[in-house]
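Chemist: First the structure, which I've put down as structure tokens, then a few questions once you've had a look.
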């Protein structure tokens, strides 16, 4: 039995690609590349730490896009998909 270690879990410092954060376009917050058709999103708090989605955290800064490849670095329960 093997275990998977994710780079981003609850409380982890969230990725913050400056190119993506400064862009109006759809770029991955982890790597800065263009997002595909099915991006996922992660939520952060005011300390820019990853929080569980819909956790009703009063300090939520909202959700940020992550590409499919970079999404593999996140614990699956931290990602949401918007239609």
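Chemist: For the pair residue 31 and residue 54, how long in nm is the line joining their label points, each one 7 Å along Cα→Cβ?
Modeler: It is 2.9 nm.
Chemist: Let me see the pair-distance distribution of the chain: every alpha carbon pair, 10 Å bin width, integer percents in order.
Modeler: 19, 52, 25, 3, 0
Chemist: Report the extension gain between residue 6 and residue 61 in nm, rounded to one decimal, defined as 0.36 nm multiplied by the number of residues separating them, less their alpha carbon distance.
Modeler: Extending this stretch completely gives an extra 17.6 nm.
Chemist: What does DSSP give for the chain in terms of the percent of beta bridges that are antiparallel, rounded to the nearest 5?
Modeler: Percentage antiparallel, nearest 5: 90.
Chemist: Modelling each spin label as a point 7 Å along the Cα-to-Cβ direction, I'd like the residue 22/residue 38 distance in nm, to one decimal.
Modeler: 3.3
Chemist: Residues of segment 62-83 with amide nitrogen under 17 Å from the 7 Å Cα-to-Cβ point of residue 46?
Modeler: Under 17 Å, as judged by backbone N against the label point of residue 46, lie 62-63 of segment 62-83.
Computed from the coordinates by the stated procedures, all read-outs in this text should not be read as laboratory data. Only a predicted model underlies this, so the values are computations on that prediction, with no experimental measurement involved. With ideal geometry, Cβ positions are generated from the backbone for all residues, glycine too; neighbour counts draw on all protein chains shown.
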